[in-house]
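The structure appears below as C-alpha coordinates.
The values are calculated or read from the model by the stated rules, or taken from the named source; none is laboratory data. Keep in mind that this is a model prediction, so the values were computed, not measured. Cβ: placed from backbone, ideal geometry, glycine included. Neighbour counts: every protein chain shown.
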Amino acid sequence: MKASELGERKLIELLTRGLYTNKRVLAGAGEDDAALISFGGKELVAKSDVMFSSTHFPKGMKPEQIGRKVAVANISDLAAMGASPLATLFSFGIPPQFDVNKLRGIMRGINQVCMEYNAPLVGGDTKKAKELSICGIALGEIGRGEAIRRCNARAGDVVAVTGEIGNAALGLMILLKGMKSGRYPKLVNAFLNPSARVKEGRAIAKCRVGATGMDITDGLLFSAGEIARMSGVCLSLDSGRIPLSKEARKFAKEHNVKENYLLNNGEDYELIVSIRRESFEKVKSRVEDAGGALFEIGKALRGRGVLLDGKKIDAVGWDSLKSSLA
(Lines give C-alpha, C1' and ligand atoms only; values in the text may rest on other atoms or scores of the structure.)
Protein backbone atom coordinates (compact mmCIF):
# COMPACT_ATOMS: atom_id res chain seq x y z
CA MET A 1 0.00 0.00 0.00
CA LYS A 2 1.22 3.50 -0.86
CA ALA A 3 1.32 6.28 1.71
CA SER A 4 -1.13 8.35 -0.38
CA GLU A 5 -3.65 5.52 -0.24
CA LEU A 6 -3.44 5.35 3.53
CA GLY A 7 -3.61 9.11 4.10
CA GLU A 8 -1.76 11.30 6.58
CA ARG A 9 -3.88 10.59 9.67
CA LYS A 10 -3.87 6.80 9.35
CA LEU A 11 -0.17 6.89 8.48
CA ILE A 12 0.56 8.81 11.69
CA GLU A 13 -1.43 6.22 13.66
CA LEU A 14 0.59 3.44 12.02
CA LEU A 15 3.99 5.06 12.58
CA THR A 16 3.36 6.04 16.20
CA ARG A 17 1.88 2.72 17.30
CA GLY A 18 3.99 1.01 19.97
CA LEU A 19 6.58 3.79 20.34
CA TYR A 20 8.67 3.78 23.51
CA THR A 21 7.51 6.23 26.15
CA ASN A 22 7.96 6.84 29.88
CA LYS A 23 6.12 8.42 32.80
CA ARG A 24 7.39 11.92 32.00
CA VAL A 25 5.54 11.92 28.65
CA LEU A 26 2.03 13.23 29.35
CA ALA A 27 1.01 13.47 25.67
CA GLY A 28 3.16 11.65 23.13
CA ALA A 29 3.49 11.39 19.36
CA GLY A 30 0.16 11.68 17.54
CA GLU A 31 -1.89 12.33 20.69
CA ASP A 32 -2.30 16.11 20.57
CA ASP A 33 -1.30 19.34 18.80
CA ALA A 34 2.12 19.06 20.46
CA ALA A 35 3.98 16.77 22.82
CA LEU A 36 3.54 17.43 26.55
CA ILE A 37 6.40 16.45 28.85
CA SER A 38 6.73 16.77 32.62
CA PHE A 39 9.71 19.06 33.23
CA GLY A 40 10.55 20.21 36.73
CA GLY A 41 7.72 22.22 38.22
CA LYS A 42 6.17 22.91 34.81
CA GLU A 43 5.36 21.06 31.61
CA LEU A 44 7.35 21.33 28.38
CA VAL A 45 5.39 21.60 25.12
CA ALA A 46 7.24 20.61 21.93
CA LYS A 47 6.13 20.67 18.30
CA SER A 48 7.72 20.07 14.88
CA ASP A 49 6.28 21.04 11.49
CA VAL A 50 7.86 20.61 8.04
CA MET A 51 7.00 22.37 4.77
CA PHE A 52 8.11 22.03 1.14
CA SER A 53 8.05 24.52 -1.70
CA SER A 54 6.00 22.24 -3.96
CA THR A 55 3.21 21.65 -1.45
CA HIS A 56 3.14 24.69 0.85
CA PHE A 57 4.42 27.81 -0.91
CA PRO A 58 2.36 28.91 -3.93
CA LYS A 59 3.97 31.06 -6.61
CA GLY A 60 3.98 34.71 -5.73
CA MET A 61 4.79 34.29 -2.04
CA LYS A 62 7.57 36.61 -0.96
CA PRO A 63 10.48 35.06 0.99
CA GLU A 64 9.44 36.93 4.14
CA GLN A 65 5.93 35.47 3.81
CA ILE A 66 7.34 31.96 3.45
CA GLY A 67 9.35 32.45 6.64
CA ARG A 68 6.33 33.80 8.48
CA LYS A 69 4.13 30.90 7.40
CA VAL A 70 6.60 28.26 8.60
CA ALA A 71 7.21 29.98 11.93
CA VAL A 72 3.54 30.67 12.68
CA ALA A 73 2.62 27.06 11.85
CA ASN A 74 4.94 25.85 14.60
CA ILE A 75 3.96 28.50 17.15
CA SER A 76 0.25 27.88 16.47
CA ASP A 77 0.43 24.38 17.92
CA LEU A 78 1.86 25.81 21.14
CA ALA A 79 -1.07 28.24 21.19
CA ALA A 80 -3.51 25.36 20.77
CA MET A 81 -2.11 23.78 23.94
CA GLY A 82 -2.22 27.09 25.81
CA ALA A 83 1.57 27.27 26.15
CA SER A 84 3.91 30.26 26.37
CA PRO A 85 6.54 30.05 23.58
CA LEU A 86 10.14 29.61 24.72
CA ALA A 87 12.32 29.05 21.66
CA THR A 88 12.42 27.73 18.10
CA LEU A 89 14.79 25.77 15.87
CA PHE A 90 14.68 25.64 12.06
CA SER A 91 16.41 23.27 9.66
CA PHE A 92 16.67 23.89 5.91
CA GLY A 93 16.95 21.64 2.88
CA ILE A 94 18.36 23.96 0.21
CA PRO A 95 18.85 23.40 -3.55
CA PRO A 96 22.42 24.38 -4.49
CA GLN A 97 21.23 27.02 -6.97
CA PHE A 98 18.74 28.63 -4.56
CA ASP A 99 19.10 32.43 -4.30
CA VAL A 100 20.85 33.37 -1.05
CA ASN A 101 19.00 36.69 -0.90
CA LYS A 102 15.71 34.77 -0.85
CA LEU A 103 17.04 32.69 2.04
CA ARG A 104 17.87 35.86 3.91
CA GLY A 105 14.31 37.05 3.30
CA ILE A 106 12.91 33.79 4.66
CA MET A 107 15.05 34.21 7.76
CA ARG A 108 13.75 37.75 8.21
CA GLY A 109 10.20 36.41 8.11
CA ILE A 110 11.00 33.71 10.66
CA ASN A 111 12.82 36.13 12.93
CA GLN A 112 9.92 38.60 12.85
CA VAL A 113 7.58 35.89 14.17
CA CYS A 114 10.13 34.87 16.80
CA MET A 115 10.23 38.46 18.04
CA GLU A 116 6.43 38.77 18.03
CA TYR A 117 6.01 35.70 20.24
CA ASN A 118 9.23 36.03 22.28
CA ALA A 119 10.53 32.69 20.99
CA PRO A 120 14.13 33.22 19.77
CA LEU A 121 15.59 31.00 17.07
CA VAL A 122 18.34 29.12 18.90
CA GLY A 123 19.53 26.51 16.40
CA GLY A 124 18.86 24.22 13.46
CA ASP A 125 20.65 22.65 10.50
CA THR A 126 21.22 23.09 6.74
CA LYS A 127 21.55 20.39 4.10
CA LYS A 128 21.45 20.06 0.31
CA ALA A 129 18.02 19.16 -1.09
CA LYS A 130 16.16 18.94 -4.40
CA GLU A 131 13.59 21.54 -3.31
CA LEU A 132 13.36 24.11 -0.57
CA SER A 133 12.35 22.32 2.62
CA ILE A 134 11.99 23.91 6.04
CA CYS A 135 11.43 22.01 9.29
CA GLY A 136 10.69 23.95 12.44
CA ILE A 137 10.62 22.99 16.10
CA ALA A 138 8.80 25.14 18.64
CA LEU A 139 9.27 24.77 22.39
CA GLY A 140 6.93 26.18 25.00
CA GLU A 141 6.08 25.89 28.68
CA ILE A 142 2.88 25.69 30.67
CA GLY A 143 1.90 25.26 34.32
CA ARG A 144 1.02 21.82 35.59
CA GLY A 145 -2.56 20.93 34.77
CA GLU A 146 -3.12 23.95 32.51
CA ALA A 147 -2.67 22.31 29.10
CA ILE A 148 -5.55 22.45 26.61
CA ARG A 149 -5.95 18.88 25.33
CA ARG A 150 -7.92 17.35 22.48
CA CYS A 151 -9.43 14.71 24.75
CA ASN A 152 -11.23 16.77 27.41
CA ALA A 153 -14.55 17.57 25.71
CA ARG A 154 -17.72 16.45 27.53
CA ALA A 155 -21.39 16.39 26.55
CA GLY A 156 -22.92 19.77 27.34
CA ASP A 157 -19.78 21.78 26.54
CA VAL A 158 -19.92 24.97 24.50
CA VAL A 159 -17.96 24.76 21.23
CA ALA A 160 -16.35 28.03 20.12
CA VAL A 161 -13.73 29.47 17.76
CA THR A 162 -11.38 32.42 18.16
CA GLY A 163 -12.05 34.14 14.83
CA GLU A 164 -13.28 34.08 11.25
CA ILE A 165 -13.15 30.87 9.26
CA GLY A 166 -12.35 30.45 5.55
CA ASN A 167 -10.54 33.68 4.75
CA ALA A 168 -7.17 31.99 4.24
CA ALA A 169 -8.62 29.14 2.16
CA LEU A 170 -10.14 31.65 -0.25
CA GLY A 171 -6.94 33.70 -0.24
CA LEU A 172 -5.04 30.59 -1.32
CA MET A 173 -7.62 29.94 -4.05
CA ILE A 174 -7.11 33.47 -5.38
CA LEU A 175 -3.33 32.96 -5.52
CA LEU A 176 -3.48 29.52 -7.13
CA LYS A 177 -5.90 30.63 -9.83
CA GLY A 178 -3.97 33.81 -10.56
CA MET A 179 -6.99 35.96 -9.82
CA LYS A 180 -6.73 39.68 -9.13
CA SER A 181 -6.23 40.06 -5.40
CA GLY A 182 -6.90 43.79 -5.16
CA ARG A 183 -10.62 43.32 -4.58
CA TYR A 184 -10.10 40.91 -1.71
CA PRO A 185 -6.95 41.97 0.18
CA LYS A 186 -8.29 40.62 3.48
CA LEU A 187 -8.58 37.09 2.08
CA VAL A 188 -5.13 37.06 0.49
CA ASN A 189 -3.54 38.63 3.57
CA ALA A 190 -5.11 35.95 5.79
CA PHE A 191 -3.11 33.34 3.88
CA LEU A 192 0.12 35.28 3.34
CA ASN A 193 0.43 36.86 6.80
CA PRO A 194 -1.08 34.52 9.41
CA SER A 195 -0.90 34.96 13.17
CA ALA A 196 -0.92 32.40 15.98
CA ARG A 197 -3.55 32.74 18.73
CA VAL A 198 -1.07 32.58 21.61
CA LYS A 199 -2.73 35.16 23.86
CA GLU A 200 -6.10 33.47 23.42
CA GLY A 201 -4.65 30.05 24.20
CA ARG A 202 -2.87 31.35 27.29
CA ALA A 203 -6.01 33.08 28.56
CA ILE A 204 -8.02 29.86 28.21
CA ALA A 205 -5.34 27.70 29.80
CA LYS A 206 -4.91 29.99 32.80
CA CYS A 207 -8.63 29.60 33.62
CA ARG A 208 -7.88 25.93 34.47
CA VAL A 209 -11.35 24.72 33.46
CA GLY A 210 -10.30 21.54 31.63
CA ALA A 211 -10.81 23.10 28.20
CA THR A 212 -10.37 21.14 25.00
CA GLY A 213 -8.79 22.70 21.92
CA MET A 214 -6.97 22.43 18.61
CA ASP A 215 -5.88 24.81 15.90
CA ILE A 216 -7.75 24.89 12.60
CA THR A 217 -4.87 24.63 10.14
CA ASP A 218 -6.41 21.57 8.47
CA GLY A 219 -9.99 22.84 8.41
CA LEU A 220 -12.73 23.54 10.96
CA LEU A 221 -14.69 20.35 10.30
CA PHE A 222 -11.60 18.15 10.47
CA SER A 223 -10.49 19.77 13.74
CA ALA A 224 -13.98 19.32 15.18
CA GLY A 225 -13.83 15.68 14.12
CA GLU A 226 -10.47 15.16 15.83
CA ILE A 227 -11.76 16.62 19.11
CA ALA A 228 -14.89 14.46 18.86
CA ARG A 229 -12.81 11.34 18.15
CA MET A 230 -10.26 11.94 20.90
CA SER A 231 -12.90 12.93 23.49
CA GLY A 232 -15.50 10.28 22.61
CA VAL A 233 -18.29 12.82 22.01
CA CYS A 234 -20.24 14.35 19.12
CA LEU A 235 -19.68 18.00 18.21
CA SER A 236 -22.84 19.64 16.87
CA LEU A 237 -22.11 22.84 14.92
CA ASP A 238 -24.52 25.54 13.78
CA SER A 239 -23.41 26.93 10.40
CA GLY A 240 -25.33 30.15 11.04
CA ARG A 241 -23.11 30.92 14.04
CA ILE A 242 -19.74 30.18 12.42
CA PRO A 243 -18.04 33.56 11.88
CA LEU A 244 -17.49 34.23 8.17
CA SER A 245 -16.22 37.60 6.98
CA LYS A 246 -18.22 39.81 4.62
CA GLU A 247 -15.39 39.45 2.12
CA ALA A 248 -15.54 35.66 2.28
CA ARG A 249 -19.31 35.60 1.82
CA LYS A 250 -19.09 38.01 -1.12
CA PHE A 251 -16.29 36.08 -2.82
CA ALA A 252 -18.04 32.75 -2.30
CA LYS A 253 -21.25 34.09 -3.81
CA GLU A 254 -19.51 35.65 -6.83
CA HIS A 255 -17.46 32.54 -7.58
CA ASN A 256 -19.97 29.86 -6.61
CA VAL A 257 -17.86 28.53 -3.74
CA LYS A 258 -19.86 26.31 -1.42
CA GLU A 259 -19.75 26.93 2.33
CA ASN A 260 -18.31 23.46 2.93
CA TYR A 261 -15.18 24.56 1.07
CA LEU A 262 -14.58 27.25 3.68
CA LEU A 263 -15.20 24.83 6.54
CA ASN A 264 -13.19 21.92 5.12
CA ASN A 265 -10.01 23.78 4.16
CA GLY A 266 -7.41 25.06 6.56
CA GLU A 267 -4.73 27.74 6.96
CA ASP A 268 -6.87 29.82 9.34
CA TYR A 269 -4.67 29.36 12.45
CA GLU A 270 -7.71 30.04 14.63
CA LEU A 271 -8.49 27.78 17.59
CA ILE A 272 -11.55 25.61 18.12
CA VAL A 273 -12.28 24.97 21.78
CA SER A 274 -14.76 23.09 23.93
CA ILE A 275 -15.52 24.58 27.35
CA ARG A 276 -17.92 23.60 30.14
CA ARG A 277 -21.14 25.58 29.84
CA GLU A 278 -20.89 26.96 33.38
CA SER A 279 -17.35 28.27 32.70
CA PHE A 280 -17.82 29.66 29.19
CA GLU A 281 -18.70 33.26 30.02
CA LYS A 282 -15.78 33.51 32.44
CA VAL A 283 -13.36 32.11 29.85
CA LYS A 284 -14.79 34.32 27.10
CA SER A 285 -14.30 37.38 29.31
CA ARG A 286 -10.67 36.42 30.03
CA VAL A 287 -9.98 35.94 26.32
CA GLU A 288 -11.51 39.34 25.54
CA ASP A 289 -9.42 40.93 28.30
CA ALA A 290 -6.35 39.50 26.54
CA GLY A 291 -7.40 41.18 23.28
CA GLY A 292 -9.00 38.16 21.62
CA ALA A 293 -12.50 36.83 21.05
CA LEU A 294 -14.56 33.64 21.37
CA PHE A 295 -17.54 32.91 19.10
CA GLU A 296 -19.95 30.19 20.20
CA ILE A 297 -20.67 27.89 17.24
CA GLY A 298 -22.19 24.76 18.76
CA LYS A 299 -22.14 22.25 21.56
CA ALA A 300 -20.87 18.81 22.51
CA LEU A 301 -23.37 15.95 22.69
CA ARG A 302 -23.35 12.29 23.61
CA GLY A 303 -22.43 10.23 20.58
CA ARG A 304 -19.68 10.26 17.97
CA GLY A 305 -18.57 12.36 15.00
CA VAL A 306 -19.62 15.81 13.83
CA LEU A 307 -23.05 17.25 13.05
CA LEU A 308 -23.51 20.37 10.92
CA ASP A 309 -27.01 21.81 11.29
CA GLY A 310 -28.14 18.48 12.68
CA LYS A 311 -26.75 16.38 9.80
CA LYS A 312 -23.83 13.94 10.14
CA ILE A 313 -20.91 15.03 7.98
CA ASP A 314 -17.62 13.51 6.87
CA ALA A 315 -14.92 15.74 8.39
CA VAL A 316 -12.15 15.22 5.83
CA GLY A 317 -10.04 18.40 5.95
CA TRP A 318 -6.61 18.91 4.36
CA ASP A 319 -4.48 15.80 3.90
CA SER A 320 -0.91 16.55 2.78
CA LEU A 321 -0.50 13.08 1.22
CA LYS A 322 -3.69 13.34 -0.83
CA SER A 323 -3.83 17.09 -1.55
CA SER A 324 -1.57 19.49 -3.42
CA LEU A 325 -1.23 23.12 -4.46
CA ALA A 326 -2.09 22.25 -8.05
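In table form, for the structure just shown:
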{"item": "Residues of region 20-69 satisfying the condition of being among the hydrophobic types (A, V, I, L, M, F, W, C) and more than 30 Å from Ser231 (Cβ to Cβ)", "result": "Phe52, Phe57, Met61, Ile66"}
{"item": "Elements of type helices (runs of 4 or more DSSP H) in region 52-165, at least 3 residues being aliphatic (A, V, I, L, M)", "result": "63-81, 100-116"}
{"item": "Residue list for region 166-187, filter: of a type outside the set (Gly, Ala, Ser), buried (at least 19 other Cβ atoms within 10 Å of the Cβ) and assigned to a loop (DSSP other than H, G, I, E, B)", "result": "Tyr184"}
{"item": "For Lys206: the one exception among (1) under 20 Å from Gly292 (Cβ atoms); (2) within 18 Å of the chain's Cα centre (by Cα); (3) not polar (S, T, N, Q)", "result": "(2)"}
{"item": "Residue in region 284-293 that is touching a Leu at 6+ places or on another chain (Cβ under 6 Å), farther than 17 Å from Arg202 by Cα and among the hydrophobic types (A, V, I, L, M, F, W, C) present", "result": "no"}
{"item": "Selected residue [at pLDDT below 95, more than 18 Å from the chain's Cα centre (by Cα) and not assigned by TED's automatic domain parsing to the domain that holds Arg202] from Lys102, Lys59", "result": "Lys59"}
{"item": "Filter result (in contact with a strand residue (DSSP E or B) (Cβ under 7 Å, 6 or more places away or on another chain) and either polar (S, T, N, Q) or under 13 Å from Cys207 (Cα atoms) (or both)) within region 141-156", "result": "Ile142, Gly143, Arg144, Ala147, Ile148, Asn152"}
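Rundown of residues vs (1) of a type outside the set (Phe, Trp, Tyr); (2) buried (at least 23 other Cβ atoms within 10 Å of the Cβ), yes/no style:
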| site | (1), (2) |
| --- | --- |
| Phe52 | no, no |
| Lys62 | yes, no |
| Arg68 | yes, yes |
| Ser76 | yes, yes |
| Ala79 | yes, yes |
| Thr88 | yes, yes |
| Pro96 | yes, no |
| Val100 | yes, no |
